[in-house]
Amino acid sequence: MSEMSFESLQISTELAEHFATSIYGLRAKAKALTGEVDFNFLLETPQGERYTLKVSRPNTSKIELSFQAAMMDYLADKSLPFQVPSVVRTQRKRWGQQIIDEAGRERWVRLQKWIEGDEIIEVNPRDQKLLKSWGATSGYLSKALQGFDHPHAHRHFRWDPSQVLDTRALVKYVQTEDQKALLEYYWDLFLEEVEPLRADLRKSVNHNDSHDRNVLVQRGANEVVVSGVIDFGDAVYTETINELAIACAYACMGQADPLRAAYWVVAGYNAVFPLQPNELKALLPLIGARLVITVSIAAQNRVSEPENAYLQVSDEQAWEVLRFFRNVSPAFAEMTFREACGMEPCPKRAFFNHWLKSTTPVFSNVVKLQGKTIDLLDLSVGGPVLGNNSQYASGKAMHRTIFRYRTHFCLPLQRRGPDTSVHFCFFRPFRPLRRHKKDFWFSKSQANLSSFSAFADQLPVEPVAPADT
């Protein structure tokens, strides 16, 4: 076994209890918890007090851990509407204690007050209120941390979405060519959409890890709301919008419509910490960036620490969200996020309106309709053309259905005169259509008409040709 393998680094519950007694003067029972970097334990005293004991991996830097302690101390004075861990000082009044483990390696032991609540990953389904609460929580963190800084925050950190291009070095661990192609798409998207904006994006120290195991909730009689945020080990100085991007990335996991889930997270965040237009343009690529980091590091960890199951907890769901957003236009996502913030969805709408008011537009015909016969081809679910599923289950079946319709209905109309042409109009289901001053509906029951001639009988014998406009 390697000296740095996962098993060799683990800390026993007995040793955790010894640290609690010798360093903090606490007699408590320890229970091991999951974690990516630190080895974490729930401590419970005979009086029912609960704490989180954290033991670092070997050779973790002191300044990194002091940064986390300073950040938690800073937030403790901000009257946040949810809890964050508070640092418990050692018997020597320090934020932590360095120890030497059984293999002679230096480690750090820290203690924090336990935050009550269930991990948000355990909540299903996640309704609109919960998603907005999740977004608002990230918004409160961004707002509170505007005045905070620390020397160690200014570092190059692999979990920072703005450093997503570093994951190109991990592509060798990715299993399939389809997955590699998907990663290439998001790397290119970051270069095209985010890189040109980075100089103008707001920056701050971020918590940088509002994922579904670090966000805690309380269950009420009628709702579930966020009650706490834990784990400040990934905090970093970066683009402020990354705080929201990370929350969205995890809130989208396991959702039937990830874009809709992100909509409510964005709405919650913006209500607390208003977003800027350039941040909304960068948001989708940065959501993708965080997910790319997640799957890339998971692929690497599958090789380096295959026995540590925690390192794979978000892998498959992250791939699913990446595949979903691959088929969403970045411009459409930006408009969706703008709408969530109460902005005009289309950023070019104001320019168009200004142009329209300042000029007299001249419109030309796209299709010349004067003297032509207009006949309807309704391909909606409630229309009479498609019929049952077998008539449109494939492209070939759809083509055959339309051909039959043309043969039985359209061609007889064309024979009325040499100057008559047939044009097809497509309508949404169940919308009223006006012809010969008569309204009628294509009802669902009409979808199973046995023949197109029956459909033709419903229409006026001589359709009126619209004026050429």
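None of the figures in this text is laboratory data; all of them are computed from the coordinates on show. Keep in mind it's a predicted model, so treat the numbers as computed, not measured. Cβ sites come from the backbone with ideal geometry, for glycine too, and all protein chains shown count toward neighbours.
I need the P(r) histogram for the stretch 161-316: all alpha carbon pairs, bin width 10 Å from 0 out to the longest distance, whole percents.
Bins of 10 Å from zero give 10, 37, 37, 14, 2 percent of pairs.
If you place +1 on the Cβ of every Lys and Arg and -1 on the Cβ of every Asp and Glu, how big does the dipole about the Cα centre of the stretch 18-60 come out, in debye to the nearest 20?
Details: 6 positive and 4 negative charges, 21 e Å.
Value, rounded to 20: 100 debye.
Restricted to Cα positions, what overall size does the stretch 82-162 have along the principal axes? Three whole-Å values, descending.
Cα spread of the stretch 82-162 along its principal axes, largest to smallest: 50, 29, 26 Å.
Note down the net charge around MET253, summing +1 for each Lys or Arg and -1 for each Asp or Glu among other residues with Cβ under 15 Å from its Cβ.
Working: positive: ARG126, ARG213, ARG260, ARG290, ARG323; negative: GLU119, GLU122, ASP209, ASP212, ASP257, ASP315, GLU316, GLU320.
For residues surrounding MET253, the net value is -3.
I'd like the distance between the alpha-carbon centres of the stretch 259-303 and the stretch 155-233, rounded to an integer number of Å.
Measuring centre to centre over Cα atoms gives 6 Å.
Report Rg (one decimal) and Dmax (nearest whole number) for the stretch 125-184, counting Cα atoms only, units Å.
17.3, 45
Pairs on different chains or at least eight residues apart, Cα atoms closer than 27 Å: how many lysine pairs in the stretch 131-267 fit?
Within the stretch 131-267, the lysine pair count is 4.
With a sphere of radius 12 Å drawn around the Cβ of ASP127, what net charge do the other residues whose Cβ falls strictly inside it have (Lys, Arg +1; Asp, Glu -1)? Display every interim value, and only then the final one.
Values: positive: ARG126, LYS129, LYS132, ARG260; negative: GLU223.
Summing Lys/Arg as +1 and Asp/Glu as -1 gives +3.
Excluding residues fewer than 8 places away in the same chain, name every one of the lysines whose C-alpha is closer than 28 Å to that of LYS29.
LYS54, LYS62, LYS93, LYS113
What is the ratio of the Cα radius of gyration of the stretch 30-114 to 2.2 N^0.38 Å, where N is its residue count, to two decimals?
In units of the globular-protein estimate, the stretch 30-114 measures up at 1.13.
Between LYS203 and ASP257, what is the spin-label point distance in nm, taking each point 7 Å from the Cα along the Cα→C-beta axis?
3.8 nm
Among the trypsin sites (Lys or Arg not before Pro) in the stretch 77-171, which ones are in a DSSP loop with at most 10 other Cβ atoms within 10 Å of the Cβ? Mind listing them? Don't skip to the end; give the middle numbers.
Values: sites: LYS78, ARG89, ARG92, LYS93, ARG94, ARG105, ARG107, ARG110, LYS113, ARG126, LYS129, LYS132, LYS143, ARG155, ARG158, ARG168; in loops: LYS78, ARG89, ARG92, LYS93, ARG94, ARG105, ARG126, ARG155, ARG158.
Of the trypsin sites (Lys or Arg not before Pro), the ones in loops of the stretch 77-171 whose Cβ has at most 10 other Cβ atoms within 10 Å are ARG92, LYS93.
So what's the projected area for the stretch 100-246, the Cα convex hull averaged over all directions, in nm²? Kindly include the intermediate steps, with their values, before the conclusion.
Details: hull surface 52.0 nm².
Seen from a random direction, the Cα hull of the stretch 100-246 projects 13.0 nm² on average.
Any idea what Rg and Dmax come out to for the stretch 99-143 if you just take the C-alpha atoms, in Å?
Radius of gyration, then largest Cα-Cα span, for the stretch 99-143: 18.1, 51 Å.
Percent of Cα-Cα pairs per 10 Å bin, from 0 to the last occupied bin, for the stretch 9-152, please list those.
10, 35, 34, 18, 3, 0
Any idea what the dipole of the stretch 163-229 comes to, in debye rounded to 20, about its Cα centre with Lys/Arg Cβ at +1 and Asp/Glu Cβ at -1?
Details: 8 positive and 12 negative charges, 76 e Å.
Here the size comes out at about 360 debye.
Near ILE100, within a Cβ-to-Cβ distance under 12 Å, what is the net charge of the other residues, with Lys and Arg +1 and Asp and Glu -1?
Value of the local net charge: -1.
Taking the C-alpha atoms of the stretch 232-289, how large are the radius of gyration and the largest Cα-Cα span, Dmax, in Å?
For the stretch 232-289, the Cα radius of gyration and maximum Cα-Cα distance read 11.3, 33 Å.
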